[in-house]
1. So which residues in region 129-183 are out of contact with any strand residue (DSSP E or B) (no Cβ under 6 Å at 6 or more places or on another chain) and among the β-branched types (Val, Ile, Thr), if there are any at all?
2. List the helices (runs of 4 or more DSSP H) that sit entirely inside region 47-146 and contain at least 1 residues that are within 15 Å of the ligand (Cβ to nearest atom) and not hydroxyl-bearing (Ser, Thr, Tyr).
3. Mind checking which pairs have a first residue in region 14-32 that is farther than 23 Å from Leu52 by Cβ and a second that is of a type in the set (Lys, Arg), Cβ under 6 Å, 6 or more apart or different chains?
4. Yes or no: region 191-199 includes at least one residue that is among the basic types (Lys, Arg), surrounded by 13 or more Cβ atoms within 10 Å (Cβ to Cβ) and modelled with pLDDT of 95 or more.
5. All but one of (1) away from the ligand (no atom under 14 Å from the Cβ); (2) under 19 Å from Leu99 (Cβ atoms) hold for Ala41; which doesn't?
6. Just a yes or no: is a residue in region 82-100 among the β-branched types (Val, Ile, Thr) and in contact (Cβ under 8 Å) with a residue 12 or more places away in the chain?
7. Check whether at least one residue in region 188-203 is within 15 Å of the chain's Cα centre (by Cα), outside the structural domain of Arg81 (by TED's automatic domain parsing) and not in a strand (DSSP E or B), and report yes or no.
8. Return yes or no: is Asp14 surrounded by fewer than 16 Cβ atoms within 10 Å (Cβ to Cβ), part of a helix (DSSP H, G or I), within 15 Å of the ligand (Cβ to nearest atom) and not hydroxyl-bearing (Ser, Thr, Tyr)?
Amino acid sequence: MRILIVEDDLMLGDGLQRGLKLMGHAVDWFRTGADADRAVAAMHYDAVVLDLGLPDDDGVSLLTRWRQKGCQTPVVVLTARDAVQCRIGGLDAGADDYLIKPVELDELAARLRAVTRRSAGMPEPVWRHGPLEYQPAARLALWHGKSVDLTSRESMLLELLLSHPSRVLTREFLRDKLYDWDKGSESNTLEVHIHHLRRKIHPGIVRTLRGAGYTLGPLDALESVPADTSSDSAPDSSTDSTTSPPTGDDA
Ligand code: CA
């Protein structure tokens, strides 16, 4: 998922960004309320990790303004302010969760998953699509009950497809979710990840809609052809080029 960190402490912010990136998330990190305001206005985030003591603003005021403007992005407050009144104030201002520093990265990641599941209306711990079963909390994919070895980016991509089952996801949307602002050049790797999902799970698991984007493959396509786990070749460039928009959107 795409996460915004608002944290003025350099060491903590850097540690959180690195840690969440290693888990496969796209993470933007800003240190002031003004930058966070601009980021929230410009980009759709799946979740925000919000410090309360910022150099130019107070996190509670920031959050209150976002909620007043209709922003529904799940927000996890991460602060040293542990007084009960502060917790109540943060939650009343619209925080979805409130964590006291220091926090274990694994716990923060789990809380982020929990608040995004709630906001998406998907409390189900297991998602299914035909013979595919996916457990987001464990990042575990099973195909006909057998576990599939996916990288964190491939898991993220699969999660995005499964969590928008009836939507066509554009390349731009997927890249926004998978990569950070400063990694815009990784344009071809999306196609590589799609190729790997097809190879590792089933050729029909992802459907390309020419010029539009990608969607989960229809269920009947998953029954017709057996999963191919034999080849480990690079993406078939001829296949990918025929399914790309005529002008491309990589420029
Ligand atoms: Ca602070």
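The values are calculated or read from the model by the stated rules, or taken from the named source; none is laboratory data. Worth saying up front: this structure is predicted, and the values here are computed from it rather than measured. Positions of Cβ are generated from backbone atoms using ideal geometry, with glycine treated the same way; all protein chains shown enter the neighbour counts.
1. Passing the criteria: only Thr151.
2. Where helices (runs of 4 or more DSSP H) fall fully within region 47-146 and carry at least 1 residues being within 15 Å of the ligand (Cβ to nearest atom) and not hydroxyl-bearing (Ser, Thr, Tyr), they are 59-68, 84-92.
3. Pairs that qualify, where the first residue is farther than 23 Å from Leu52 by Cβ and the partner is of a type in the set (Lys, Arg), are Gly24/Arg153; Ala26/Arg2.
4. yes
5. Just one mismatch for Ala41, condition (2).
6. Yes, because at least one residue in region 82-100 is among the β-branched types (Val, Ile, Thr) and in contact (Cβ under 8 Å) with a residue 12 or more places away in the chain.
7. Yes; the residues of region 188-203 include at least one that is within 15 Å of the chain's Cα centre (by Cα), outside the structural domain of Arg81 (by TED's automatic domain parsing) and not in a strand (DSSP E or B).
8. Yes, satisfied.
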